[in-house]
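Student: The structure follows.
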Amino acid sequence: MPLEYLCRLVRPSHSILRVQFPRSTPSNLSQRAHVSTTASAPSPFLLRKTSFQRPTSHHTVRSFSTTPRPRATLMQVLRGCRKAQKARKKTSPQLSNRPEMKGVCLKVGTTKPKKPNSGERKIARVRLSSGNVITAYIPGEGHNVQQHSVVLVRGGRAQDCPGVRYKLVRGAMDLGGVANRLTSRSKYGTKRPKAA
């Protein structure tokens, strides 16, 4: 390896010892090498910023693994593993990716559930703040919702009522909580009972 190349690997801020050897001729084989202290221009390769000069965090350090990444086999590709997955149907599309929305009740009534269930499910037609009209289920026993009541609507369908994809939040706005509820009180807006 050339000696001048090794001298260029020294940091550019330090003075570089450059050893100059005379040509190897029979007449000057016995002469000693002339050593001179000079500052040579560093190469652009040495002037670049390295990982030792700039602070590194655990986010910038790349991790390497010797384990090969799993790849699809030919049979998996033929079965269609690279086809785009179908987008899942939203259970509550009118909320527009919002957790809750405010609405005004237009009509309060009941509906019958699907087979094999029977009974009457309390529902309400609600106009949301976006202007869309939806059918919402009123959970819990008893309610005080009437026409023009301001309610809070959340996502979640009633499993035995077709077309009912929303629920009203108990204990929010004009809709009160379920009275005399002991378990799951947070889901029905019931206050903590007073200690006797």
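Readers should treat all values here as calculations from the given coordinates under stated rules, not as data from a laboratory. This structure is a prediction, so every number in the text was calculated from the model and none was measured. Glycine gets a Cβ as well: all are built from the backbone with ideal geometry, and neighbour counts include every protein chain shown.
Student: Starting from the Cα of residue 191, draw a straight line to each of the aspartates and glutamates and keep only those under 19 Å, dropping any in the same chain fewer than 8 residues away.
Tutor: Within the straight-line limit of under 19 Å, residue 191 reaches these aspartates and glutamates: 141, 174.
Student: When we measure straight from the Cα of residue 115, which lysines land under 28 angstrom away, once same-chain ones fewer than 8 places off are left out?
Tutor: Straight-distance partners of residue 115: 89, 90, 107, 167, 187.
Student: Right, next: For residue 112, list the aspartates and glutamates whose Cα falls under 15 Å from its own Cα; do not include residues on the same chain fewer than 8 positions away.
Tutor: Of all the aspartates and glutamates, those that pass the test against residue 112 - Cα under 15 Å, at least 8 places apart if same chain - are 120, 160.
Student: Oh, and also: Using only the alpha-carbon atoms of region 94-188, report the extent along each of the three principal axes, biggest first, to the nearest angstrom.
Tutor: On the principal axes, region 94-188 reaches 34, 30, 25 Å in Cα extent.
Student: Here's a follow-up. Determine which residues of region 168-188 fall in the zone a paramagnetic label at residue 129 would reach in this model, i.e. backbone nitrogen under 13 Å from the point 7 Å along Cα→Cβ.
Tutor: Only 173 pass the distance filter.
Student: Using θ = phi - 60° and the Karplus relation 6.51 cos²θ - 1.76 cosθ + 1.60, list the HN-Hα couplings for region 132-138 in order, rounded to whole Hz, with x at every Gly or Pro.
Tutor: 7, 9, 10, 10, 10, 8, 9
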